[in-house]
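Engineer: I have a structure here, written as structure tokens, and I will follow up with some questions on it.
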Amino acid sequence: MENQFRNEYHRLIINLHKTDGYIFNHFQQKMAPFDLSVQQYKALRLLSDVFPNSLSAGS
């Protein structure tokens, strides 16, 4: 079987990309019952972290 990676750096980048996809899909499935996207969850998480203070749009 021919090596599918050009070098170890290429292997690392491909594996990180695949892992990110798995994590994102898993998290998306966990948020689906709440009708939340991953982006909405992140925004709510940021607001929760600074509560009771406010957060500007540029933060």
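The values are calculated or read from the model by the stated rules, or taken from the named source; none is laboratory data. Because the structure is predicted, anything quoted here is derived from the model rather than measured. For the accessible areas, the whole protein counts, side chains as well, though only heavy atoms, and no ligand, DNA or RNA atoms are used. Shrake-Rupley method; radii C 1.70, N 1.55, O 1.52, S 1.80 Å.
Engineer: Taking the conditions exactly as written (of a type in the set (Phe, Trp, Tyr) and open to solvent by 100 Å² or more (accessible area, probe 1.4 Å)), does Phe34 satisfy them or not?
Structural biologist: When the stated conditions are applied, Phe34 passes them.
Engineer: What's the number of the only condition in (1) at pLDDT below 90; (2) among the aromatic types (Phe, Trp, Tyr); (3) open to solvent by 100 Å² or more (accessible area, probe 1.4 Å) that Phe5 fails to meet?
Structural biologist: (3)
Engineer: Could you please find all residues in the stretch 13-35 being charged (D, E, K, R) and either part of a loop (DSSP other than H, G, I, E, B) or more than 9 Å from the chain's Cα centre (by Cα) (or both)?
Structural biologist: Listed by number, the residues that qualify are Lys18, Lys30, Asp35.
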